[in-house]
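Down below is the structure, laid out as C-alpha cells.
The values are calculated or read from the model by the stated rules, or taken from the named source; none is laboratory data. Remember, it's a predicted structure, so these values are computed and weren't measured experimentally. When we count neighbours, we look across all protein chains shown, and the Cβ atoms used for this are built from the backbone with ideal geometry, even at glycine. All accessible areas refer to the heavy atoms of the entire protein, side chains included, with ligands and DNA or RNA removed. Shrake-Rupley method; radii C 1.70, N 1.55, O 1.52, S 1.80 Å.
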Amino acid sequence: NAGVTQTPKFQVLKTGQSMTLQCAQDMNHEYMSWYRQDPGMGLRLIHYSVGAGITDQGEVPNGYNVSRSTTEDFPLRLLSAAPSQTSVYFCASSYYVGTSGAGEQYFGPGTRLTVT
Amino acid sequence: ILNVEQSPQSLHVQEGDSTNFTCSFPSSNFYALHWYRWETAKSPEALFVMTLNGDEKKKGRISATLNTKEGYSYLYIKGSQPEDSATYLCASGPPIYNQGGKLIFGQGTELSVKP
C-alpha cells in the first residue's frame, strides 16, 4: 500500500492564482482531513470528510474548498491564493473504530506552498 | 472549538535522561486522545490513541497515561536517546459520532536529546 499520497510536494503561486492540492489514500479509510502547519501554530484543521459526499469545515476553512467524490480522493482547492496561505499542507486519513470515533491519523508527506 | 494545550513548548535533555510532557484538554468534551511523533522533514506518525479514563499505553521506552476526569495526559520517555528528538503532538476530538475525523491538535512539545 502507498498509504496517503500528496501532490505536488512543492508549489509556488502568485497572489490571485488558483490551484488544487491532490490527496489520495489506498487504505479504504472513511475519514480524511486537511491541515496546515505554520510556525508556532501547530497543525490546524482546514476541512474534513467523514465519507464520500460528506465534508465539513475545520478551524481555518476560509479561502479553501474541498469535495469528496470517492473514498480514495480528497482534493483541496485554493480559490484565489493569498500570501497568508503560504504554509505546509498535510492530508491525513483515518478509520472508524466504533463509538470512540476514529483510529489514528495517517499523514501524507506534505505540500509546501509559497504564495508571492 | 476545543482547546488542547501542551507543556512545555520545548525540552532539552541529555541522553539517558527520562522525561515527560503534558497534554491538557477540556474534560467535559473528551472523546479520544491521540499522541503523535513528528520528526523534522517528515510527517507525524501515531504513537497512541486512548479513549478510557485510566488508560495506560506503552511502546518500547515511550508510555502514556490518560485522566479524562481532570483532562490531562502524560507522555513519558524512559532513557531518552538522540533518535527520540522530535516534536510530540497530542490531539483530541469532539464527542460527536459522525465527526470522528475532526481532531484538534496542541502546539506540540519539541524534544531535543543531546548525546
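Structure notes:
- When residue A:22 is tested against the conditions (1) within 14 Å of chain B (Cβ to nearest Cβ); (2) open to solvent by 70 Å² or more (accessible area, probe 1.4 Å); (3) touching a residue at least 12 places away in the same chain (Cβ under 8 Å), the lone failure is (1).
- Test: residue in segment B:29-41 that is farther than 23 Å from residue A:107 by Cα and modelled with pLDDT of 90 or more: no
- Filter result (among the polar types (S, T, N, Q), crowded, with 18+ Cβ neighbours inside 10 Å and either more than 12 Å from chain A (Cβ to nearest Cβ) or part of a strand (DSSP E or B) (or both)) within segment B:32-60: none
- Scanning segment B:84-102 for residues that are in contact with a Phe, Trp or Tyr (Cβ under 9 Å, 6 or more places away or on another chain) and either buried (at least 18 other Cβ atoms within 10 Å of the Cβ) or at pLDDT 95 or above (or both) gives B:86, B:87, B:88, B:89, B:90, B:91, B:92, B:93, B:100, B:101, B:102.
- Filtering segment B:18-31 to residues that are surrounded by 15 or more Cβ atoms within 10 Å (Cβ to Cβ), away from chain A (no Cβ under 12 Å) and of a type outside the set (A, V, I, L, M, F, W, C) leaves B:19, B:22, B:24, B:29.
- The listed residue being out of contact with any helix residue (DSSP H, G or I) (no Cβ under 9 Å at 6 or more places or on another chain), within 9 Å of another protein chain (Cβ to nearest Cβ) and closer than 26 Å to residue B:40 by Cβ, out of A:84, A:49, A:93: A:93
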